[in-house]
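Student: Right, I'll just put the structure down here and ask away after.
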Amino acid sequence: MRGVLAGSKADVIAALDVGTSKVCCAIAQPDGAGGANLLGIAETASRGIRAGNVVDMSAAEMAVRSAVDGAERMAGVTLDRVVVSLSGGTPQSTPVAVEVPVTGRTVTDADLRRAASSHSIGDRLTPEHEAGREIVQTIATGYAIDGCRGIRDPRGMHGTELGMTMHVVTAASGPLRNLRQCVERCHLDVEAVVVAPYAAGLGTLVDDEAELGATVIDMGGGTTSISVFSEGEAVFADVIPLGGQHVTNDIARGLATSRANAERMKTLYGDATTGARDTREILEVPQVGEEHDGAAQRIPRSLLTGIIQPRLEETFELVRERLESHGVDRVAGRRAVITGGASQMPGTRDLAAMVLGKQVRVGGPVDVAGLASTTNGPGYAVSAGMLSYALAADTAGLPRGDLRAPGGVLGRLGTWLREHL
Ligand SMILES: Nc1ncnc2c1ncn2[C@@H]1O[C@H](COP(=O)(O)OP(=O)(O)OP(=O)(O)O)[C@@H](O)[C@H]1O
Ligand SMILES: [Mg+2]
């Protein structure tokens, strides 16, 4: 995004995470050495977004404006373009293989672009992929020259036919157009749309995890999104329309309390497993509609855990099912990283490990040492991932909507934020 710095002109990169619970805008300036300095970050409570989809255009527009304004003011920059995340839109992942003739004597960038063009991919997608769906992302996962596989960067190599395997992510056109329109109503161009689970992976995985195989689970307010990385690149992305808001609703219903109070109880006393914590502790629950009369029910903390645990178990079981039914569980390896606001609940890591049968860690944005502690938590992984994405495109000299750099993007990111707030 060529934002205009007040007073001087410089290129900045900007990420806009339009989530179900919050809209977050982050602005950074590349440092010319593969990293970037964070200039501004702001978030607003979301309005008009359900399960990651815009359902009320004006309300969502106001939330986006407010987050963008806040980040712009902090950075002293006026943005004209942003990279935007898509939490909803029921993304679907398809592996696609294409072959194109090599035009010159060696493989060039033009050959790669031709192989990755939507024209060559469109021929390989099944009709149900195309009906009402659009290609959001094309991620190169491997190359072959004249049938010889396992090539990471084919440029400059001799051959007559270039083969390219790709991970293509499509999303429903309606939600995608609504998201674009919402951002454009704020006088911003959408430079690229990145599916949230992919961005979460870029934002949290260390190189070895992405190489050896890892599953990323971004636990948001209205969605739980999944991506699988292997050999340095994303090979699968999916979204389950269940998130922290469902846990809050379960608590409100189960304890006959307001949603605001249920949210408060969840973040203060919530637990995903009984674990070693004292579940005999007694909690006071204000009753819905009777808050001002001081009417409160007294419940043991174990009752709260008893409401939270089944919902999270259900969510992780769905994650496991999706990985298995798409045949990506094996390549995903033994490692899982949970991130997103809802991953902060104590005990979530243990529960995920039990249901998924994997080693699990809670992941915040990588390489952001020095970021104010309020903005380096797991809720910011998607924003961090989008900045990495934009930075990698700049470094590779590609337009951001066309990030098909050979060998993946993770390897060349390095420390993307050196100095911070
Ligand atoms: N300490 C905490 N313990 C448990 N849950 C928490 C905690 N802090 C935040 N949450 C939950 O995290 C959720 C919001 O997470 P996040 O900010 O990642 O969502 P989002 O990106 O806006 O939504 P989505 O990705 O689903 O569109 C809310 O449901 C909130 O209740
Ligand atoms: Mg999110």
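Student: If R0 is 25 Å, what FRET efficiency do you get for ASP109 and ALA33 from their C-beta distance, rounded to 0.05? Present the calculation step by step, with values, prior to reporting the outcome.
Tutor: Values: r = 23 Å, r/R0 = 0.93.
FRET efficiency, ASP109 to ALA33: 0.60.
Student: How much length is gained if the chain between THR274 and ALA131 is pulled fully straight, taking 0.36 nm per residue apart and subtracting their Cα-Cα distance, in nm to one decimal?
Tutor: Working: separation 143, 0.36 × 143 = 51.48 nm, distance 4.61 nm.
Stretched out fully, the THR274 to ALA131 stretch lengthens by 46.9 nm.
Student: Counting Lys +1, Arg +1, Asp -1, Glu -1, what net charge surrounds ASP250 among other residues with beta carbon under 11 Å of its beta carbon? Could the numbers behind the result be given before it?
Tutor: Working: positive: ARG253, ARG259, LYS266, ARG311; negative: GLU314.
Summing Lys/Arg as +1 and Asp/Glu as -1 gives +3.
Student: Calculate log10 I(q)/I(0) of segment 92-172 for q = 0.16 Å⁻¹, where I(q) comes from the Debye formula with a single equal point scatterer on each Cα and nothing for solvent.
Tutor: Relative scattering, expressed as log10 I(q)/I(0), comes to -0.56.
Student: Could you work out how far apart the two model spin labels at ASP11 and LEU212 are, taking each label as a point 7 Å from the Cα in the direction of the beta carbon, and quote it in nm?
Tutor: Rounded to a tenth, the inter-label distance reads 3.5 nm.
Student: Using a basic spin-label model with each label point 7 Å from the Cα along Cα→Cβ, how many nm lie between VAL55 and THR267?
Tutor: Between VAL55 and THR267, the label points sit 2.2 nm apart.
Student: Report the paramagnetic label zone for ARG177: residues of segment 43-72 whose backbone N is under 16 Å from a point 7 Å from Cα along the Cα-to-Cβ axis.
Tutor: Counting only backbone N, you get 54-57.
Student: In addition: Quote to one decimal, in nm, the extra length available between HIS187 and GLN297 on full extension: 0.36 nm per residue of separation minus the C-alpha distance between them.
Tutor: 34.7 nm
Student: Could you please tell me the mean projected area of the C-alpha convex hull for segment 142-190, averaged over all directions and given in square nanometres to one decimal?
Tutor: Convex hull of Cα atoms, orientation-averaged projection: 5.5 nm².
Student: Sticking with this one: So if R0 is 45 Å, what FRET efficiency would THR90 and GLU284 give, r being the distance between their Cβ atoms, rounded to the nearest 0.05?
Tutor: Working: r = 41 Å, r/R0 = 0.91.
Result of the calculation: an efficiency of 0.65.
Student: Counting each pair of different Cα atoms once, what's the Kirkwood radius of segment 229-381 in Å, rounded to one decimal?
Tutor: When all Cα pairs of segment 229-381 are included, the Kirkwood radius is 17.1 Å.
Student: To the nearest 0.05, how large is the calculated FRET efficiency for ASP80 and GLU231 if R₀ is 51 Å and r is the Cβ-Cβ distance?
Tutor: Once rounded, the FRET efficiency stands at 0.90.
Student: Any idea how far apart ARG334 and GLU317 come out in nm if each label point goes 7 Å out from Cα toward Cβ?
Tutor: Rounded to a tenth, the inter-label distance reads 2.6 nm.
FYI, it's all coordinate maths here, none of it is from the lab. These numbers were taken from a predicted model, which means no experiment stands behind them. Cβ sites come from the backbone with ideal geometry, for glycine too, and all protein chains shown count toward neighbours.
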